[in-house]
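Beneath this line is the structure, given in structure tokens, with notes to follow.
The values are calculated or read from the model by the stated rules, or taken from the named source; none is laboratory data. Just so it is clear, the structure is predicted and the values come from calculations on it, not from any experiment. Glycine gets a Cβ as well: all are built from the backbone with ideal geometry, and neighbour counts include every protein chain shown. These area figures cover heavy atoms from the full protein model, side chains too; ligands, DNA and RNA do not enter into them. Shrake-Rupley method; radii C 1.70, N 1.55, O 1.52, S 1.80 Å.
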Amino acid sequence: MMKESKADIILHPVRMRIIQTLVNKRNLTVQQIGEKLADIPQASLYRHLKKLSDGGIIEVVEENKVRGTVEKVYGLPEQGASLSEEELKNAGPEEHMGFFMKFMATVMDDFERYVNQEDFNFVKDGTGYSQASFYASDEEYLEFVTTINSSLMKLIGNGEEGRRKRTLTTIVTAEKKDEHPE
């Protein structure tokens, strides 16, 4: 049996949701993760936590003795849930298509959970999807991405109190620049 790549481990819809619960340096017990992901059966949750832990994507940051058993607290190591520049560079077109398909499955799973909620409301909830094409030099694009990332990092730092969880998905592609326009 072939060993799963780091990307294969991360890009599973359930495992991506587990990783998302641990973002922003949150350290959570299995019970706390299960409460946030109540639709995932406990046996599946344990199986996915083990796969993430064995793959070095998450780690046990603390162990507490509770009524004769050991309760594990999980967290994300620095860069644990990210693919390195080298990993991305070494992946070929077929691998990237596989990564993208798994990523899209996660996006579709998130969207399906949203539309299956009672009383979902696109306008009130600020939900939507769109695509925009634009022309930008590398410098203009870098400035744009830096602005978005800066604003996003402020929001990621927020606590849960009085706030709703929102998910922003970005996909960026670029066409090869025509070096010799007619």
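Taking Gly56 as the residue in question, decide whether it is open to solvent by less than 80 Å² (accessible area, probe 1.4 Å), outside any loop (DSSP other than H, G, I, E, B) and not hydrophobic (A, V, I, L, M, F, W, C).
Spelling it out, it is not the case that Gly56 is open to solvent by less than 80 Å² (accessible area, probe 1.4 Å), outside any loop (DSSP other than H, G, I, E, B) and not hydrophobic (A, V, I, L, M, F, W, C).
Tally up the residues in region 157-174 that are surrounded by 11 or more Cβ atoms within 10 Å (Cβ to Cβ) and basic (Lys, Arg), please.
Total meeting the criteria: 0.
What helices (runs of 4 or more DSSP H), lying completely within region 63-141, carry at least 1 residues that are of a type in the set (A, V, I, L, M), open to solvent by less than 50 Å² (accessible area, probe 1.4 Å) and more than 25 Å from Arg26 (Cα to Cα)?
Details: elements: 85-90, 93-115, 122-125.
Hits in region 63-141: 93-115.
So which of Lys154, Lys177 is basic (Lys, Arg), farther than 25 Å from Phe100 by Cβ and either assigned to a helix (DSSP H, G or I) or open to solvent by 100 Å² or more (accessible area, probe 1.4 Å) (or both)? So that I can check it myself, show each step before the final result.
Details: Lys177 fails: farther than 25 Å from Phe100 by Cβ.
None of the others qualify; the one that does is Lys154.
Collect the residues in region 1-34 that are of a type outside the set (A, V, I, L, M, F, W, C), open to solvent by less than 70 Å² (accessible area, probe 1.4 Å), under 14 Å from Tyr46 (Cα atoms) and out of contact with any Lys or Arg (no Cβ under 8 Å at 6 or more places or on another chain), keeping them in residue-number order.
Those that are of a type outside the set (A, V, I, L, M, F, W, C), open to solvent by less than 70 Å² (accessible area, probe 1.4 Å), under 14 Å from Tyr46 (Cα atoms) and out of contact with any Lys or Arg (no Cβ under 8 Å at 6 or more places or on another chain): Arg17, Gly34.
List the residue pairs whose Cβ atoms are under 6 Å apart, where the first residue sits in region 91-117 and is over 11 Å from Met16 (Cβ atoms), the second is part of a helix (DSSP H, G or I), and the two are 6 or more positions apart or on different chains.
Phe99/Ala7
Residues that are of a type in the set (D, E, K, R), closer than 17 Å to Phe111 by Cα and touching a Gly at 6+ places or on another chain (Cβ under 6 Å): which helices (runs of 4 or more DSSP H) entirely in region 1-41 hold 2 or more of them?
The helices (runs of 4 or more DSSP H) meeting that bar number zero.
If Gly92 passes every condition in (1) within 30 Å of Leu52 (Cα to Cα); (2) under 21 Å from the mean Cα position of the chain (by Cα) but one, which one does it miss?
(2)
Among the residues of region 69-77, is there at least one that is over 20 Å from Ser5 (Cα atoms) and without any contact (Cβ under 8 Å) to a residue 40 or more places away in the chain?
yes
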